[in-house]
Structures are given as structure tokens and as C-alpha cells.
Amino acid sequence: MSPSDRRELISLGTKKWVRPGTVLLRAGDTGTTAILILRTFVKVSMPTANGHETLLSVRVPGDIVGEISVLNDQPRTATATTCGTGLVSVIPSPSLKEFMSERPAVGAELAGTAADRLRWTNEPRADVGSLPVVARLARLLSDLAIRHGVRTEQGIEISVMLTQSELASLIGVSVVTAQRAIKRLRDQGVIETGSQRFLVTDPHRLELEAAAPPR
């Protein structure tokens, strides 16, 4: 997307400061707006039949959420919740549709981005049953470190707050099983953990763990 298109896309919406845990979009609602993420991270989750939620993906500054529901006029299939304090731009449906109709190249760019996000969402689930749990966790953490990591003197800090339950849902295992995998990587000196935060202290070893062959 060109700088001028980016500026105009940002100008379409109303800027809004948000707190951690703010629900930007809710599954089942009508798609009357899309959200352009400016300065926060957003967790996208889907409600399950038993009343819980499955974490699908993490979105970052520059991403748009909710645009698919806006374009196909269907109810939203997922809920988007902020991970921290930040800034978003709320874009009305008519404004986004008009903008994309006037700029076909932008529409193609957004479609490609949506396809990339769908592939990222599906990849962890494709691993379920074929890769060891530690490999699945290592692959997820490696991907998060590349996409959302901040380099420090100690290693790469993953700047997205995720609970162990959310991590477990991303790799398709129980919380207890995820905790065991986290402990193994921590005991090996590959990662350090804090309150919903991960520090990758040995990126090379993490990549080796992620490259484990299928069972």
C-alpha cells in the first residue's frame, strides 16, 4: 500500500484510545465498522460450544480487523480484544467500501493480507497430532518472536501478553500439557517466563526445537 493510501485509510476512521481487555468486535454482531490497529495488539478469538473461547490469532499495529464482515455483510465470526493500552481507528462500513472500490490495488492488498492471516491461523492447527507438543510450542513462540519480538540484552521479548490457556488453545493441547512444554523449554534455557510474557533467550535452540520431525 502506498504512503498516500495508508494516510487516507487512517483518515477514514475515528481514533480511539483503548484499555487492555477492550472488546473491539464481538462474534455474532453485524459488521458495521472495521478497526485499524495503530498502537496496540489485539487477540482474535472464537466462542466454542461449551462456552469457552479459542484463540485464533494475534493482530499487530497496521492490521485491520473486522473488514471481512464489513465486505460480505455477514455477522462477525470472531471477537477482537485489545492486549494493552493503545490507539485504534474505527472505520465505518460505507467509508471502507467506498475507499476500496475507488482503489482496486488497496482491495487486492487487503485480500492478500487476509489470506496470510488465515494461513497463520490454520498452520498451528495443521500441526495438531503430527508434531510433538514442544515442537508446536516452539514453532508458535518462534513465529511470535519474529512478528512481535523486541530485542533486548537478555534476548527477544515477545511483546504480546498471552495466558497459558491461550497458548494451549493455539497449539491444540490442554493447559496442563502446555505447561509441561513451557517448563521443558524453560529448563533447557531456551525461554524465560514472566506474568503472561515470554523472553526467548536462545533463538537458535528454539528454531531447532521447532524443526522437530512429525511423530
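The values are calculated or read from the model by the stated rules, or taken from the named source; none is laboratory data. Bear in mind that the values here come from a model prediction, so they are computed numbers and not experimental data. With ideal geometry, Cβ positions are generated from the backbone for all residues, glycine too; neighbour counts draw on all protein chains shown. Areas reflect the complete protein model, heavy atoms only, side chains present, ligands, DNA and RNA absent. Shrake-Rupley method; radii C 1.70, N 1.55, O 1.52, S 1.80 Å.
GNM on the chain, alpha-carbon springs under 10 angstrom: the most fluctuating residue among 11, 195, 57 is 195. Using the rule -39500 (n - 2.57) for each DSSP H run of four or more residues, divided by the residues of the chain, the 222 nm mean residue ellipticity is -13500 deg cm²/dmol. Summing Lys and Arg as +1 and Asp and Glu as -1 over all other residues whose Cβ lies under 10 Å from the Cβ of residue 84 gives a net charge of +2. Residues whose amide H lies under 5 Å from that of residue 57, counting only those 5 or more places away or on a different chain, are 44; hydrogens are built 1.01 Å from N in the peptide plane. For the chain, the solvent-accessible area works out to 52 Å² per residue, with a probe of 1.4 Å and every protein chain left in place. Mind checking the log10 I(q)/I(0) for the chain at q = 0.10, 0.11, 0.14, 0.19 Å⁻¹? Debye, one equal scatterer per Cα, no solvent, two decimals. So the normalised log intensities are -0.48, -0.57, -0.89, -1.37.
Proximity of backbone amide H atoms, modeled 1.01 Å from N, is registered between residue 24 and 80, 81, 82 at under 5 Å, excluding neighbours fewer than 5 places apart on the same chain.
In this Cβ point-charge picture (+1 for Lys and Arg, -1 for Asp and Glu), the range 40-116 has a dipole of about 180 debye about its Cα centre.
The accessible area of residue 41, taken with all protein chains in place and a 1.4 Å probe, comes to roughly 50 Å².
Mind ranking 204, 148 by accessible surface for me, highest first, 1.4 Å probe? Each step should come with its number before you reach the end.
Working: 204 120, 148 15 Å².
Most to least solvent-accessible, the answer reads 204, 148.
Each listed q (0.23 Å⁻¹) maps to a log10 I(q)/I(0) for the range 142-215 from the Debye sum over equal C-alpha point scatterers, namely -1.19. Here the Karplus relation 6.51 cos²θ - 1.76 cosθ + 1.60, evaluated at θ = phi - 60°, turns the backbone of the range 27-38 into coupling constants of 4, x, 6, 6, x, 8, 9, 10, 10, 9, 7, 9 Hz, with x for every Gly and Pro.
When the solvent-accessible area of the chain is split by element, carbon and sulfur atoms take up 53 percent of it, the probe being 1.4 Å.
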